[in-house]
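The structure appears right after this line, and notes come after that.
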Amino acid sequence: MIRDLFGKMADTLEGIETPFQERYFNDPVGFATEVLSLSLWSGQKEILESVRDRKHTAAQAAISTGKTFGAAAVALWYLNTRPHCKVIVTAAPPERQIRDLLFAEIRQMQRAALRRGVNLVGGDPQTMRLTVGDNWWCQGFTIPTTGSTEERIAKFHGHHAPGGVLVIADEAHGIPSAIFEAFDNVTSGHGCKLLLLSNPLAPSGPFWHSTKDTEYNVIIMSAFDHPNVVRDENVIPGAIDRPTTQSRINKMTRPMTDLDAYRDQPTVTIPWTGEKRIVTSPVFNYKVLGQFPLEVANALISMLAYQRARLNFDILMEATTAAGLTIPPDLPRPVCGLDVAEFGTDSNCFAARFEHFVAPILRWQGMNIPETAYTAARHTRFVDGYRLNVDGVGVGAGVAPLVTTSEKTGADRFSCISVKGSWASTAQEKEFYLMRDQLGWAVRKWILDDSKAPPCLPADEELEADLFAHDYRILARGTRITTSDGARQKLMGRSPDAFIALCMTFYEGRAKGKMGDGVGMMQVSRQRRGGAKSFWGF
């Protein structure tokens, strides 16, 4: 009788137990598999058992290995086995990280159990809340992106409960250190738990420091250990699989050569072939191995700067969607860049940069010069670009002249220039050796400069790998030299097409790179552009 009434009256009934408390209080894996009917792999089970046994847990996971799914199971286990507890669920901005990912998993698990007749506490969930009573709930909390540090921390203060408090923080790499202090405060009581989850994107920040703290039990979820990859079967639908992992291996590693035996380079052994390969991109570490990448001291683009630009993009696009738009309003006219396909497996890459905002990179196959020229011109007109800079090396040399002379391209609406990285730098005092060094450095300065508007970069796996693959050195006379695209192509096993296209958007000189031509961000007239269907609606 009491168990039938405990739902909304839980706060007024002392000593009440949930239907699952006695059996599953110390068996989170049993609760997940028997009550929630979930199929878990060893990495997810390890998360559940760590939260049971340890106060602090940090899970660093490769892409699509199911960390968020495992965290949702933790939330429902804790809520259903600890009367009068609170479960605080949060994630780095934007809000959809909680609403559409972590709490969406919680809602789905809760409703699936209820449909099977399992009497989980809280009943039918709201968008970001499961309520048993006034002081017994699971709730999603967004992390404020504005306000003082004290105001942002205050959102997480005062949430104490006799049954304990569980804090689950997903995408923890993007959570400010001040919020971590609030997590520690709210989980200071007996039986309280803190679970941090993230892809190990960069060896810096509070999440990385947590993985080095002896108070934390650290769990590494590698794609190589996931059953879909191990067995090359779709054991857990929707998770990482062997073909995707193999594709990343092909893009971010290369076969070893005889010369590699004399070099100190990161290597990886592929479990299903036994082949030892050279890791050419630090992105491979976190996307496949679930490990923090080694930050190169002279990397052209730091991982932390890149992740900030990615977060800026997601926050801006979420605000744009909330306003009923598909494109951020008041963007300036963009400058566009094109890298032209050079060989069979190569792709044409098109980038459009609206000063601080880079639209998703476009790619298409084919080495037909007229078709490439017409397609690039069409993309430039679509975004109302005022300029198209084409990498003029090799086959690309024929694209810009065709764009400017053909009536089919509509080039009267924009200028088109062929740019060669082998040109001499136009910077003063020999700061750079070649134009490609100057353009690469312009990308670096842009991604580090948020004085006017935060730089925004779209999610793009190849662009990400390209950015991290480039480094630089400074000669004795002070000249900066970046890794040549040819040398990088040998190391990566492919051309850094997306990076070259992005570099092209920073050239502002004349057609032959004469002295005095500038590289930077040209100021142009602004106009609203919220009416189009999408960036690439064709």
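The values are calculated or read from the model by the stated rules, or taken from the named source; none is laboratory data. From a predicted model like this one, the values you see are computed outputs, not experimental measurements. Every residue, glycine as well, gets a Cβ built from its backbone with ideal geometry; the counts of neighbours run over all protein chains shown.
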- Scope segment 346-385; condition under 15 Å from R333 (Cβ atoms), aromatic (F, W, Y), free of Cβ contacts under 8 Å to residues at least 60 places away in the same chain and not in a strand (DSSP E or B); matching residues: none
- Quick one: which of C503, C416, C456 is within 23 Å of L201 (Cα to Cα), crowded, with 20+ Cβ neighbours inside 10 Å and modelled with pLDDT of 90 or more? C456
- Task: Go through (1) outside any loop (DSSP other than H, G, I, E, B); (2) within 23 Å of the chain's Cα centre (by Cα); (3) of a type outside the set (K, R) and name the single condition D260 misses.
- Result: (2)
- Within segment 402-448, the residues that are charged (D, E, K, R) and in a helix (DSSP H, G or I) are E407, K408, D412, R413, E429, K430, R436, D437, R444, K445
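Residues checked against (1) outside the structural domain of R54 (by TED's automatic domain parsing); (2) closer than 21 Å to T57 by Cβ; (3) aliphatic (A, V, I, L, M); (4) under 20 Å from the mean Cα position of the chain (by Cα):
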| site | (1), (2), (3), (4) |
| --- | --- |
| A172 | no, yes, yes, yes |
| I179 | no, yes, yes, no |
| G189 | no, yes, no, no |
| C192 | no, yes, no, no |
| G205 | no, yes, no, yes |
| H209 | no, yes, no, yes |
- Task: Search segment 221-247 for residues that are on the phi > 0 side of the Ramachandran plot and pair each with any residue that is at pLDDT 95 or above and of a type outside the set (V, I, T) when their beta-carbon atoms are under 6 Å apart and the residues are at least 6 apart or on different chains.
- Result: D232/R242
- Is it true that I270 is in contact with a helix residue (DSSP H, G or I) (Cβ under 9 Å, 6 or more places away or on another chain), surrounded by fewer than 16 Cβ atoms within 10 Å (Cβ to Cβ) and not acidic (D, E)? yes
- Would you mind listing the helices (runs of 4 or more DSSP H) fully within segment 18-113 where at least 3 residues are among the aliphatic types (A, V, I, L, M) and within 15 Å of C138 (Cβ to Cβ)? 67-81
- Matching entry among R310, R277, R353 (being surrounded by fewer than 23 Cβ atoms within 10 Å (Cβ to Cβ), of a type outside the set (S, T, N, Q) and within 24 Å of P93 (Cβ to Cβ)): R310
- Message: Just the residues that are of a type in the set (K, R) and over 19 Å from the mean Cα position of the chain (by Cα), please, taken from segment 219-256.
- Response: R231, R242, R254
- Message: Restricting to segment 364-399, name every residue that is surrounded by fewer than 24 Cβ atoms within 10 Å (Cβ to Cβ), closer than 18 Å to T505 by Cα and of a type in the set (D, E, K, R).
- Response: R378, R381, D384, R387
- Item | Residue that is surrounded by the fewest Cβ atoms within 10 Å (Cβ to Cβ) [pool: residues in segment 199-229 that are small (G, A, S) and in contact with a Ser or Thr (Cβ under 9 Å, 6 or more places away or on another chain)] | S204
- Message: One residue is enough: does segment 280-298 have a residue meeting the conditions in contact with a Leu (Cβ under 7 Å, 6 or more places away or on another chain), touching a residue at least 40 places away in the same chain (Cβ under 8 Å) and among the aromatic types (F, W, Y)?
- Response: yes
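Yes/no matrix, rows are residues, columns are (1) assigned to a helix (DSSP H, G or I); (2) surrounded by 20 or more Cβ atoms within 10 Å (Cβ to Cβ); (3) not assigned by TED's automatic domain parsing to the domain that holds A62:
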position: G238; (1), (2), (3): no, no, yes
position: T245; (1), (2), (3): yes, yes, yes
position: R248; (1), (2), (3): yes, yes, yes
position: Q265; (1), (2), (3): no, no, yes
position: I327; (1), (2), (3): no, yes, yes
position: G337; (1), (2), (3): no, yes, yes
- May I ask you to list the residues in segment 148-184 that are among the β-branched types (V, I, T) and under 17 Å from K86 (Cα atoms)? V165, V167, I168
- Query: Taking Q438 and the conditions (1) out of contact with any helix residue (DSSP H, G or I) (no Cβ under 8 Å at 6 or more places or on another chain); (2) surrounded by fewer than 20 Cβ atoms within 10 Å (Cβ to Cβ); (3) within 30 Å of L316 (Cβ to Cβ), which numbered condition does it fall short on, given that it satisfies the others?
  - Reply: (2)
- Task: Tell me, please, whether a residue that is buried (at least 21 other Cβ atoms within 10 Å of the Cβ) and part of a strand (DSSP E or B) can be found in segment 125-135.
- Result: yes
- Task: Specify the residue that is modelled with the highest pLDDT; the eligible residues are those in segment 312-344 that are out of contact with any Cys (no Cβ under 9 Å at 6 or more places or on another chain) and under 28 Å from N199 (Cβ atoms).
- Result: T320
